[in-house]
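Notes for the one structure printed next.
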Amino acid sequence: FDRAISGAYPPGSTFKIVTAVAGLESGKITENTTLDDPGILIIGPYKFPNWKFLRDGGTQGTLNVVSALQKSNDIFFYRTGEWTGFDNLTFWAKKFGLGNPLGIDLPGEAAGNWPDKVPFLGDLYHLAIGQGDLLVTPLQVNNWTSVIANGGRLCRPHLLGNTDCKDLKISKKTLDLVKQGLVAA
């Protein structure tokens, strides 16, 4: 069982890369969008905390997309998912290849899972931070991360031979902001 291509797992915070791109490219957040981290969001009986709040009751102050990526702040990305909306998040997730095999030249590649809908806001929160019904292969995580390193190009992985790539048309500004956050992390 080749876990790298056949195992499907929740990607967790690595998915914040896709959420950041979706928010920035849809114009729902900008480099100037800031959020004061309250540590926890409460919707009716449901609580959505940040990891630091769970660990020691702390918050992470005022964040923008770069510092939110650096600190892996769940609250910023819960809100980015909410502002971006399921349809925009789905559009970008599909552009990054989620929910489909990447087409590596090995047998047994899994498609993972991208949900068809999110019935509640809390489900969207979980999706935006790489939890809930989202499942991906380790190869898919590697591939969407490489999109940032490749200047916005999604490349089909191969063991041997040429790699075919397509330009996802991500703005240089978005790529630069996400890179800054990842380097800072």
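Comparison of THR33, THR19 shows that the only residue that is open to solvent by less than 50 Å² (accessible area, probe 1.4 Å) and either aromatic (Phe, Trp, Tyr) or in a loop (DSSP other than H, G, I, E, B) (or both) is THR33. Within region 89-121, the residues that satisfy the criterion of being of a type outside the set (D, E, K, R) and open to solvent by 50 Å² or more (accessible area, probe 1.4 Å) are PHE91, ASN100, PRO101, LEU106, PRO107, GLY108, ASN113, PRO119, PHE120, LEU121.
Of all the residues in region 133-156, those that are surrounded by 14 or more Cβ atoms within 10 Å (Cβ to Cβ), in contact (Cβ under 8 Å) with a residue 24 or more places away in the chain and either of a type in the set (Ser, Thr, Tyr) or assigned to a loop (DSSP other than H, G, I, E, B) (or both) number 4.
Scanning region 76-127 for residues that are assigned to a loop (DSSP other than H, G, I, E, B), more than 22 Å from ARG3 (Cβ to Cβ) and either among the small types (Gly, Ala, Ser) or touching a Gly at 6+ places or on another chain (Cβ under 9 Å) (or both) yields PRO115, VAL118. Among the residues of region 1-16, those that are open to solvent by 60 Å² or more (accessible area, probe 1.4 Å) and charged (D, E, K, R) comprise ASP2, ARG3.
Please tell me if THR59 is among the β-branched types (Val, Ile, Thr), in a loop (DSSP other than H, G, I, E, B) and surrounded by 14 or more Cβ atoms within 10 Å (Cβ to Cβ). Judged against the criteria, THR59 is a match. Annotation note: Cβ proximity below 8 Å between a residue of region 83-101 that is in contact (Cβ under 8 Å) with a residue 60 or more places away in the chain and a residue that is outside any helix (DSSP H, G or I) and open to solvent by 70 Å² or more (accessible area, probe 1.4 Å) (sequence gap 6+ or interchain) occurs for TRP83/LYS28; THR84/LYS28; ASN88/LYS28. Criterion applied to LEU159, LEU182, LEU175, LEU124 was being surrounded by 14 or more Cβ atoms within 10 Å (Cβ to Cβ), closer than 21 Å to GLY112 by Cβ and of a type in the set (A, V, I, L, M), and the one residue passing it is LEU124.
The values are calculated or read from the model by the stated rules, or taken from the named source; none is laboratory data. Everything numeric here is computed off the predicted structure, so don't read it as measured data. Quick reminder, even Gly has a Cβ in these numbers, built from the backbone with ideal geometry, and neighbours come from all protein chains shown. Each accessible area value is taken on the protein alone, full model and side chains, heavy atoms only, with ligands, DNA and RNA left out. Shrake-Rupley method; radii C 1.70, N 1.55, O 1.52, S 1.80 Å.
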